[in-house]
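Below is one structure, written out as structure tokens, with a few remarks after it.
The values are calculated or read from the model by the stated rules, or taken from the named source; none is laboratory data. Just so you know, these numbers come straight off a predicted model, no measurement behind them. Neighbour counts run over all protein chains shown; Cβ positions are idealised from the backbone, glycine included. Ligands, DNA and RNA are excluded from the accessible area calculation, which covers all protein heavy atoms including side chains. Shrake-Rupley method; radii C 1.70, N 1.55, O 1.52, S 1.80 Å.
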Amino acid sequence: MSNFLGRLIDISSIFNQSCVLCGSRAARQGLCAPCQADLPVLPRPACATCAQPLREPGLCGRCLRHPPAFDAIHVPYVFCYPISALVHAFKYGRQLELAGILGDLLATAAVDAGLRYDVVIAVPLSKERLAERGFNQSIELARALVGIIADRSSPGLCWRKCNTTPQAGLGPRQRRRNVRHAFCVETRLDGLSVAVVDDVITTGATLDSLSLELKKQGAKRVEGWALCRTLHLKT
């Protein structure tokens with residue numbers, strides 16, 4: 001979209017919309033500039049693998065002791081208010097109109113990073129969870145990245161073999177056990193780089209389990225993309 005057209009849409013009463021956080025009419029893509037500036041940006045520096053904030057650049061102790069199957073995580077925000085409220089309303093409140101707003105935030109971070117992959121996929125839900133929720137929030141976010149970090153997506157490349165216990169509320173070790181053999185990938189990915197999209201990263205256990213299966217099928221590099229990350233979780 002040209003800058004001129006973008007400005008035209010901003011000033012047109014037909015296209016203007018209220019900010020989902022403060023209600024201001026001066027909102028572009030659902031968030032006004034002050035509210036977007038108030039979103040909790042992930043502190044830097046951060047672990048080069050799991051994106052947990054550190055005092056100095058490098059790897060965190062956990063990634064040094066137990067290197068995960070994924071190669072890196074990219075995440076722009078901390079999972080706290082107000083973005084946590086938006087994610088919760090989108091994911092559990094079925095407010096699908098927030099998909100575009102949250103997708104745009106993730107897409108902006110992807111443009112700034114300037115990274116490219118062969119394919120982008122979303123963390124799959126089980127059939128039971130998908131039927132219960134009605135949509136996969138990670139697929140909605142992944143759509144925003146097609147054409148930015150990869151030219152194609154492959155939603156059927158992997159699937160969840162079983163309906164695992166929801167990760168929310170579980171401790172780090174329980175999370176790892178919960179998703180240890182949860183995913184299946186049967187397509188060869190020899191030499192390909194894969195971007196895996198999720199909404200929130202907590203311990204990285206889900207991404208680790210899925211990355212392991214992707215690399216068993218020959219993926220040379222697997223990196224996670226998420227909208228936000230929780231912090232200070234004990235291992």
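Observations, loosely collected:
- When the listed pairs LYS91/LYS220; LYS91/LYS161; LYS127/LYS220; LYS91/LYS216 are checked against a 24 Å cut-off, the alpha-carbon distance exceeds it for LYS91/LYS220; LYS127/LYS220; LYS91/LYS216.
- Measuring nothing but protein heavy atoms, the accessible surface of the stretch 184-235 at 1.4 Å probe radius is 49 percent carbon and sulfur.
- Where labels lie 7 Å past Cα in the beta-carbon direction, separation of ALA26 and ASP151 in nm: 4.2 nm
- Residues whose amide H falls under 5 Å from that of ALA150, counting only those 5 or more places apart or on a different chain, are TYR117, with hydrogens built in the peptide plane.
- Amide H within-cut-off set for TRP225, under 5 Å, with H built and near neighbours excluded: HIS74, VAL196, VAL197, ASP198
- The stretch 89-157 - percent of accessible surface contributed by carbon and sulfur, probe 1.4 Å: 50 percent
- Estimated inter-spin distance, LYS161 and THR230, nm [label 7 Å along Cα→Cβ]: 2.5 nm
- Whole-percent P(r), the stretch 58-149, all Cα pairs, 5 Å bins from 0: 2, 11, 19, 21, 18, 18, 9, 3, 0.
- A straight chain from GLU186 to ARG44 at 0.36 nm per residue would run longer than the Cα-Cα distance by 47.4 nm.
- Rolling a 1.4 Å probe across all protein chains gives ARG160 an accessible area of roughly 40 Å².
- Chain lengthening between ARG133 and ALA33 when straightened (0.36 nm per residue, less Cα-Cα): 32.9 nm
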